[in-house]
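> This is the structure, below, for whatever I ask next.
The values are calculated or read from the model by the stated rules, or taken from the named source; none is laboratory data. Nothing here was measured: the structure is a model prediction, and the numbers come from that model. Here the Cβ positions follow ideal geometry from the backbone for every residue, glycine too, while neighbour counts run over all protein chains shown.
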Amino acid sequence: MAVNPDPKPGRWILPLVILGMIAFTYFFVRELPEASTETTLVSGSETTTTVGDETTSTTSGGSDLDPETQAYLDEIDDINTQLQVQRTELVTVNTAFNQDPREVEYSEAVDRFGVVVTQTQELADRLRAVTVPATLESNHTTLQGFLDAAATSASEALDGLQSTDTGERRNAAVNAFAQSASDYDTEVTNTHNAANG
């Protein structure tokens, strides 16, 4: 009886099938048209604001918005960025002034508080002067209210610093400023949503 030299003659079939699949794939892929290297992405612009541990991102709409509305949104975004800078400054100086021993002396604190007062009032006046799209008048009124409240709180914080108060008045005003700035930031997002809705 003859002995089969290869007891499993079918074991070469699978490697041949795999080799055939690889060859087919290679030749098939070579025949495909080349992919285009030009890709167009349409998206809005994003403004990111970082204050302490908080990061706020505002995405403005794309080209669907009319120029007047887009200009308005860009303006309130820029005001927001600068307002958050003032919030950081006021809170930082106030915290340093409260340290024992103080990390910021009285005269420096007065000067830096004064800058925040001036800058915040300028932002409030700037917001008041912008052209408001008719569909966003309600949002604008809310934004203006928060920014005016921040300006008032900044002045109150400076007055408290310069008074004989033991710090409660100043600290309360700084906290009120921070809250108003946070509320303004939230309303900016609401305004973007209203504009894009």
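> Here are some residues: 157, 181, 150, 176. Which one is more than 22 Å from the chain's Cα centre (by Cα) and in a helix (DSSP H, G or I)?
None of the others qualify; the one that does is 157.
> Return a yes/no flag: does the stretch 66-79 have any residue that is modelled with pLDDT of 55 or more, within 26 Å of residue 180 (Cβ to Cβ) and of a type in the set (Gly, Ala, Ser).
yes
> Right, another one. Checking residue 171 against (1) within 21 Å of the chain's Cα centre (by Cα); (2) farther than 18 Å from residue 187 by Cβ, which single condition isn't satisfied?
Condition (1) is where residue 171 drops out.
> Counting just the residues of the stretch 160-170 that are assigned to a loop (DSSP other than H, G, I, E, B) and at negative phi, which one comes out surrounded by the most Cβ atoms within 10 Å (Cβ to Cβ)?
165
> Output the residues belonging to the stretch 94-133 that are within 21 Å of residue 71 (Cα to Cα), of a type in the set (Val, Ile, Thr) and exposed (fewer than 14 other Cβ atoms within 10 Å of the Cβ).
Correct list: 131 only.
> Considering each of 135, 152, 131, 164 in turn, give the residue that is free of Cβ contacts under 8 Å to residues at least 12 places away in the same chain and more than 18 Å from residue 83 (Cα to Cα).
Of 135, 152, 131, 164, the one residue that is free of Cβ contacts under 8 Å to residues at least 12 places away in the same chain and more than 18 Å from residue 83 (Cα to Cα) is 164.
> Being without any contact (Cβ under 8 Å) to a residue 24 or more places away in the chain and of a type in the set (D, E, K, R) is the filter here, so list the residues in the stretch 112-128 that pass it.
Correct list: 112, 122, 125, 128.
> Would you check if residue 187 is more than 22 Å from the chain's Cα centre (by Cα), of a type outside the set (S, T, N, Q) and either part of a helix (DSSP H, G or I) or under 24 Å from residue 71 (Cα atoms) (or both)?
No, not satisfied.
> The conditions are (1) in contact with a Lys or Arg (Cβ under 7 Å, 6 or more places away or on another chain); (2) not in a helix (DSSP H, G or I), and residue 144 fails exactly one of them. Which is it?
The one condition residue 144 does not meet is (2).
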